[in-house]
1. With the requirement that a residue be free of Cβ contacts under 8 Å to residues at least 24 places away in the same chain and not acidic (Asp, Glu), what does the range 32-64 give you?
2. With Val130, Val68, Val34, Val50 as the choices, which residue is closer than 23 Å to Ser20 by Cα, at pLDDT 95 or above and surrounded by fewer than 17 Cβ atoms within 10 Å (Cβ to Cβ)?
3. Would you be able to tell me the number of residues in the range 15-31 that are of a type in the set (A, V, I, L, M) and surrounded by fewer than 12 Cβ atoms within 10 Å (Cβ to Cβ)?
4. Report yes if Val94 is in contact with a Gly (Cβ under 9 Å, 6 or more places away or on another chain) and either at pLDDT 90 or above or under 30 Å from Phe38 (Cα atoms) (or both), otherwise no.
5. Out of the range 157-196, which residues are over 30 Å from Gly89 (Cα atoms) and in contact (Cβ under 8 Å) with a residue 40 or more places away in the chain?
6. Taking the range 164-187 as the search range and keeping residues that are farther than 21 Å from His56 by Cα and not basic (Lys, Arg), which one is farthest from the chain's Cα centre (by Cα)?
7. Of all residues in the range 152-204, which are surrounded by 13 or more Cβ atoms within 10 Å (Cβ to Cβ), polar (S, T, N, Q) and outside any helix (DSSP H, G or I)?
Amino acid sequence: MEFQYYPITLIIIISTVLLSIKAFNDPELKFRWVFYPFKIKREKQTYRVVSHMFIHGDYMHLLFNMFVLFSFGRNLEYIFGEYFGVGIGKIHFVVLYLVGGLASSIWPYTRNYDNPNYMSLGASGAVSAVLFATILWLPSQPLNLMFIPIDIPAWVVGVLYLGFEYYMSKKGGTGIAHDAHFGGAVFGIAYILFINFDKGIEFISYIFS
């Protein structure tokens, strides 16, 4: 794959890394940019719905999200470019990522807009949207998880991931925004069905073939 096919992925990664590092060294900025449903509702600070996607809790959080985004984002950006044309493909990728991040905030917002103690941050919801869009488009793609030394079909990983995130979001108390992960994943699936419904049919056919 040539660089020209996935500059959007690299732009997102570079901007997120730079802003996250700035936030690591500026607690006031970090607080202003976190996803804070209580303040979004009462003080109309709607910018937080976007700003939180570009900052992270620590370097490990940042590294993991950007690694997953680079691994899957560049492939999906290339696929979109080949299928829709480079220009339209880039637009679809940007919409998937940004709106995926916004959509991932809906469930956490509705659960916590009266909770002054709830805050979250990170690109996990947007990254989940990219990951699951890729899984729906390429269900047979093998994935190798660090703690499992064998390749697993992408669709199997997707099903297990959705089940785990939904269960943990209902359980709560983990300090991780599982509900945002789940919401982003669902949006990623929905977006692919919206732009190419045949991929959903192909996905079902592949699983039951």
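The values are calculated or read from the model by the stated rules, or taken from the named source; none is laboratory data. Bear in mind the structure is a predicted one, so any value in this text is a computation, not a measurement. For neighbour counting, all protein chains shown are included, and Cβ atoms are generated from backbone atoms with ideal geometry for every residue, glycine included.
1. Matches in the range 32-64: Arg32, Lys39, Arg42, Lys44, Gln45, Thr46, Tyr47, Arg48, Ser51, Met60, Leu63, Phe64.
2. Val50
3. So the count comes out to 1.
4. no
5. Ser169
6. Tyr167
7. The answer is Asn196, and nothing else.
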